[in-house]
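What follows is a set of notes on a single structure, which appears directly below.
The values are calculated or read from the model by the stated rules, or taken from the named source; none is laboratory data. Quick caveat, the model's predicted, so the values are computed rather than measured. Here the Cβ positions follow ideal geometry from the backbone for every residue, glycine too, while neighbour counts run over all protein chains shown.
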Amino acid sequence: MTTTQPHRLQTHEPILELNDVSVTFSMDRGDSRVVDEVTLDIERNEVLGIVGESGSGKSMLASALLDAVVDPGTVSGEITFHPQDEPSVSVLELSKADRQRFRWEQIAMVFQGAMSSFNPVRTIRTHFVETLSAHDDDIETGMKRAAGILEDLYLDPDRVLDSYPHELSGGMKQRALIALSLVLEPEVLVMDEPTAALDLLMQRSIIGLLEEIKTQYDLTIVFITHDLPLVADIADRVAVLYAFEIAELGPTEEILSEPAHPYTRLLLKSTPNLQAPIESMQPVEGAAPDPVNVPEGCSFHPRCPLADETCQANDPDAATVSDRHTADCHHYEAAPGAIPLEPPEMDEIERTPRHHGSAGEPLLSLDGLEVHFETEQKGLGLFGEPETVSAVDGVSLDIYENDVVVLVGESGCGKTTLGKAAIGLQEPTGGTVRYRGQDIYGDDSDVDATDRFSADEIRRALQIVHQDPGSSLNPHHRIRSILEAPLKQWYDDLDGNDRQSRILGLLEHVGMTPADDYIDRYPHQLSGGEQQRVALIRAMLLNPELILADEPISALDVSLRVEMMDLLIQLQETFNTSYLFVSHDLSNARYIAEKTGGRIGVVYLGELVEIGPPEQIIHDPQHPYTRALRWATPQLTYRDDRAQTPPIRTIDIPDPTDPPSGCRYHTRCPEARKVCAQSAPATKSGSDAEGHEVACYRVQDDHDYWEDAPIDDADLD
Amino acid sequence: MVFNNWRIRRVGQAVFTVWAVLTLSFALVRLMPGNPMGAMLVQLEQSGMNPARARELVEARLSVRPDQPIPIAYMNYLTSTLQGDLGQSIASGEPVANEIAQALPWTLFVMSWSLCITFVLGVVIGALMAYWEGGRLDVGLTSWAILMGSIPFYVLAFLLLIFLSYRFGWFPTGGKYVAGTEPGFNLPFISGVMYHAILPVLSMLVASGVASLGMRGNSIRVLGSDYLRVARLRGLSDLTISSQYVARNAMLPMYTTLLINIGEMFGGSVVLEQVFQYKGLGYYLYRAVNIRDYPRMMGGFMVITIAVVIALFIADMTYSMIDPRAGGASNESY
């Protein structure tokens, strides 16, 4: 790799030069090299996106830029930093004192865990003050600068500075952390998954803010993420990391439209998004290599459809694809032909339209469902009213047999609570849930005794798959006993052999072969995707009629998501179940809903604001909130309108203990008029499409709304 | 909805616990097998007192009148207890409240020293172990802490007594102060008091073993946290990081443990003060049990329970001052 000066730019002025940078950890199993001889230039004032799956070494590369790799890792190679008007410095050779000044004054870093990046017992202000004083900066001017940055990030400096970290929402904390990283006016900002824990809208808004901040503070940004669409929105150049090396590097536009490395192409195809036809989305087969045991030759060859003997023998050098575009592949010229990004024309897979809508009795019927939580009362006073959070407020929804409904919304909007109330896990404070016409929370007197379902039958019919498979499986039980438990409970006529053959069959069915081997493992011996499969089988064993899948794929790596969703869909067909999906990601929602012919429901602050077939929700959303969600969903195409103003008034969600009057979205809605603040719109048909319903005045052509005056920001304060 | 406020709920819980203790001891006196009243009557009658006089004495000392209906007796008992009248000691005939008031400060004196030293030792040793995690110091101190944690304090007390007092004669074998000194603020008396307290305090220090292990775990957790990593990158001084970041956060869980320890120490004082012939509340209680001095026993138990309840109540009320995340002051996203 050293001979050809890979990933070097001749014409541009680099701010950081990396030369053969490696990060090594000594482990019992041998040396583990988590960054392998990366050579890379970072241009002044660019946004460089570094994309890789988890375990590809991207975070280590980020830490290496600050010489901040945690013990016992060691960084080798050469990193040269070229400050604006000062002599260049070699980062890895700095003395301890110099290094302490270099970090944060020249290169600052924003971590993934903004939630935990602040000392919980000190105010945000203290964090700023101690940073300034540690770098012998003038506190007063420094704090003025901090207040300015916070304002630029749409935060109220006085309130934020006097808060403790736990008093801020996740998005606010993340922005406060960005402000903290900029307070010493660094030239480079390294961001390691800065938005991974945030909602789509917040994510997209912060990306937008970064763009502004970058120009204003004259920054170079290194943006590290697993999310290719996200980086497409902000980066000038993208480096794709695979197995601790750079696989491909080039301008964002070229990486997205004409990627040359097979891995990039497969990764693009495996990423759910809103535009590409769902038939073209396919998982990347195989798994990323272990750092101790990287394959000989090209590290991607075991998963690569183009691999031949050359790939097995020789590690490819960076080949120049175009002027500023390189790919570490022997066959980069053949890759576009072998792995087309567009789906093959001929097999237009016919989508089985599901019969939902008016067809038949609903399986589950929610009517005016309300779940209110009382919270501890605020403040130090001894007396006062408790706060009430309406997690779910008046939701009506019918789910039919073989139906799929995906609930989408920001975190804290009540979508999970709604799901749990629907399957009988969270007693509602108002409204009813009816399973085949019978109220599952008690009053079943209106049903004939002969037709009545027992509580056990209802429990069995309504099942759940949790978000985190790791914590929903008992770590002390083998897969066998985890899966046997529901069978023993519900099918006591089965003997041990029957149970075993049933479990083995299902394990094989979901691709966990050899099943004999898997059945005796413990959950921690499985990968995340396999754990989720086991959790899924456990729910399926009961032959349920409805499964609540609460973000079942958000804990999985990007390249595994499509595979998991396909499996979910396939199991649904096999077992004739209905799904109630909960997701915060519109792309995933679209994938599932479109493939199964289901519906997408958009939830905002406990209300169902729009529901309908995916075609309508994605391509012709009627509710302004759905539009905002759509805007916030990163897309895989290079957009010229990247810096467009967001279609929302404010970034932050209103306090759920004190929801806005009228239409709850009016405080953030760019289309809001006076009437929206006064009364909430009823749910009306949104388009000609069956089942498309919207709770917004804008779908009612003859409503007074259209004569009303728009709300301006002064009205909202 | 007043009861939704956690502070009021805690006050309510504390009051309830105290009430329950009072009621239980009221019931115990009447229900215990070989019931105290009967036992006391027999005791007095055997010593040659005539039954009528014995009954009068019992009534006076136990504040129990057997002929009273239970509800009235109960009310009288509650009112007199709340007024500080805990009955009279059988052995001495003194009001129990007075006797406790005299004994309690000595126990508190030894206890507060043990608690303070235990806490400081635990925190310092724990922090050192965490800082050199896996090193020789860590291994050595961990073994020491486990050893300390597994020795019952009274065994250590006996060892100290045997070696330091009897064999080498460095410390007194019992007592609270040097005989012949004038109680008050004068040097001979105070230094004598300190001198006599050293061994009891030392033997209670076994608790620091467990405390230091707890602190070690907490510190290691904090050392691995994201905010510590960010603090290092921000270039904060080692002093700020170790005091304001590591110690501050690692000590939070210790605070509650500290106050819960008060209860343990009171319980321990019963044996400890017997070993050292240290005439505090524990010594007094032990004697009461031996001679079946029921009013004393009841009074002593009551004081201990109430002290523990108050300590835990203080812990609850003050925790939000040292940890902003706790308590009612939370206002997520403003």
**OP:** State whether the residues of the stretch A:191-207 include one that is at pLDDT 90 or above and either assigned by TED's automatic domain parsing to the domain that holds A:Val75 or not hydrophobic (A, V, I, L, M, F, W, C) (or both).
**Re:** yes
Subject >> Cβ-Cβ under 6 Å pairs, at least 6 apart or on other chains, the stretch A:406-430 side under 13 Å from A:Phe581 (Cβ atoms), far side crowded, with 24+ Cβ neighbours inside 10 Å and among the basic types (Lys, Arg) >> reply: A:Leu407/A:Lys415; A:Gly409/A:Lys415
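Do we have any residue at all in the stretch B:257-267 that's assigned by TED's automatic domain parsing to the domain that holds B:Ile220 and within 30 Å of A:Pro656 (Cα to Cα)? Break it down into steps so the answer makes sense when it comes.
The initial filter retains those residues of the stretch B:257-267 that are assigned by TED's automatic domain parsing to the domain that holds B:Ile220, namely B:257-267.
Filter once more, keeping what is within 30 Å of A:Pro656 (Cα to Cα): none.
Within the stretch B:257-267, not a single residue is assigned by TED's automatic domain parsing to the domain that holds B:Ile220 and within 30 Å of A:Pro656 (Cα to Cα).
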**OP:** For B:Ser243, state whether it is at pLDDT 85 or above and more than 13 Å from chain A (Cβ to nearest Cβ).
**Re:** no
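When you go through B:Met204, B:Met254 one by one, which is the residue that is within 14 Å of another protein chain (Cβ to nearest Cβ), surrounded by 15 or more Cβ atoms within 10 Å (Cβ to Cβ) and under 19 Å from the mean Cα position of the chain (by Cα)? Let's see the steps before the verdict.
On the way: B:Met204 fails: within 14 Å of another protein chain (Cβ to nearest Cβ).
B:Met254 is the lone residue from the list that is within 14 Å of another protein chain (Cβ to nearest Cβ), surrounded by 15 or more Cβ atoms within 10 Å (Cβ to Cβ) and under 19 Å from the mean Cα position of the chain (by Cα).
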**OP:** Quick one: in the stretch B:100-136, of everything that is farther than 25 Å from B:Thr257 by Cα and at pLDDT 85 or above, which residue is surrounded by the fewest Cβ atoms within 10 Å (Cβ to Cβ)?
**Re:** B:Arg136
**OP:** Only helices (runs of 4 or more DSSP H) wholly contained in the stretch A:110-227 count here; list those with 2 or more residues that are under 30 Å from A:Gln635 (Cα atoms), of a type in the set (Lys, Arg) and more than 11 Å from chain B (Cβ to nearest Cβ).
**Re:** A:200-217
Original post:
Can we say A:Lys378 is under 23 Å from A:Ile653 (Cα atoms), outside the structural domain of A:Gln275 (by TED's automatic domain parsing), modelled with pLDDT under 60 and of a type in the set (Lys, Arg)?
Top reply: yes
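This table checks each residue for (1) part of a helix (DSSP H, G or I); (2) among the hydroxyl-bearing types (Ser, Thr, Tyr); (3) free of Cβ contacts under 8 Å to residues at least 60 places away in the same chain.
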{"residue": "B:Pro200", "(1), (2), (3)": "yes, no, no"}
{"residue": "B:Ser208", "(1), (2), (3)": "yes, yes, no"}
{"residue": "B:Ser219", "(1), (2), (3)": "yes, yes, no"}
{"residue": "B:Leu228", "(1), (2), (3)": "yes, no, yes"}
{"residue": "B:Leu236", "(1), (2), (3)": "no, no, yes"}
{"residue": "B:Ile241", "(1), (2), (3)": "yes, no, yes"}
{"residue": "B:Tyr245", "(1), (2), (3)": "yes, yes, yes"}
{"residue": "B:Met254", "(1), (2), (3)": "yes, no, no"}
{"residue": "B:Leu258", "(1), (2), (3)": "yes, no, no"}
Original post:
Could you say whether any residue in the stretch B:266-284 is more than 14 Å from chain A (Cβ to nearest Cβ), surrounded by 17 or more Cβ atoms within 10 Å (Cβ to Cβ) and over 19 Å from B:Tyr154 (Cα atoms)?
Top reply: no
Subject >> Condition broken by B:Gln88, with the remaining ones in (1) farther than 25 Å from B:Leu272 by Cβ; (2) touching a residue at least 60 places away in the same chain (Cβ under 8 Å); (3) within 22 Å of the chain's Cα centre (by Cα) satisfied >> reply: (3)
Original post:
Quick check: is even one residue across the stretch A:129-148 buried (at least 21 other Cβ atoms within 10 Å of the Cβ) and either at pLDDT below 90 or charged (D, E, K, R) (or both)?
Top reply: yes
Original post:
Here are A:Pro634, A:Pro659: which of them is at pLDDT below 85 and surrounded by fewer than 23 Cβ atoms within 10 Å (Cβ to Cβ)?
Top reply: A:Pro659
**OP:** Would you mind stating whether A:Gly286 is within 17 Å of A:Val240 (Cβ to Cβ), in a loop (DSSP other than H, G, I, E, B), of a type outside the set (A, V, I, L, M) and without any contact (Cβ under 8 Å) to a residue 24 or more places away in the chain?
**Re:** yes
Original post:
Can you find even one residue in the stretch B:158-167 that is in a loop (DSSP other than H, G, I, E, B), surrounded by 12 or more Cβ atoms within 10 Å (Cβ to Cβ) and either touching a Leu at 6+ places or on another chain (Cβ under 9 Å) or among the hydroxyl-bearing types (Ser, Thr, Tyr) (or both)?
Top reply: no
Original post:
Here are some conditions: (1) touching a residue at least 60 places away in the same chain (Cβ under 8 Å); (2) touching a Gly at 6+ places or on another chain (Cβ under 7 Å); (3) buried (at least 16 other Cβ atoms within 10 Å of the Cβ). B:Tyr177 meets all but one. Which one does it not meet?
Top reply: (1)
Original post:
If the Cβ limit is 6 Å and pairs must be 6+ apart or interchain, which residue in the stretch A:103-127 that is on the phi < 0 side of the Ramachandran plot pairs with which residue that is among the polar types (S, T, N, Q)?
Top reply: A:Ala108/A:Ser181; A:Val110/A:Ser181; A:Phe111/A:Ser117; A:Ala114/A:Gln174; A:Ile124/A:Ser163
Subject >> Pick from the stretch B:207-233, criterion among the hydroxyl-bearing types (Ser, Thr, Tyr) and within 14 Å of chain A (Cβ to nearest Cβ), ranking: surrounded by the most Cβ atoms within 10 Å (Cβ to Cβ) >> reply: B:Tyr227
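With respect to A:Leu40, determine if the residue is in contact (Cβ under 8 Å) with a residue 24 or more places away in the chain, closer than 30 Å to A:Glu253 by Cα and within 14 Å of another protein chain (Cβ to nearest Cβ).
Numbers: in contact (Cβ under 8 Å) with a residue 24 or more places away in the chain: yes; closer than 30 Å to A:Glu253 by Cα: yes; within 14 Å of another protein chain (Cβ to nearest Cβ): no.
For A:Leu40, the condition - in contact (Cβ under 8 Å) with a residue 24 or more places away in the chain, closer than 30 Å to A:Glu253 by Cα and within 14 Å of another protein chain (Cβ to nearest Cβ) - is not met.
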Original post:
Which number in (1) touching a helix residue (DSSP H, G or I) at 6+ places or on another chain (Cβ under 6 Å); (2) within 30 Å of A:Ala672 (Cβ to Cβ); (3) assigned to a strand (DSSP E or B) marks the one condition that A:Leu608 misses?
Top reply: (1)
Original post:
Which condition number in (1) touching a helix residue (DSSP H, G or I) at 6+ places or on another chain (Cβ under 6 Å); (2) more than 14 Å from chain A (Cβ to nearest Cβ) is the one that B:Asn290 fails?
Top reply: (1)
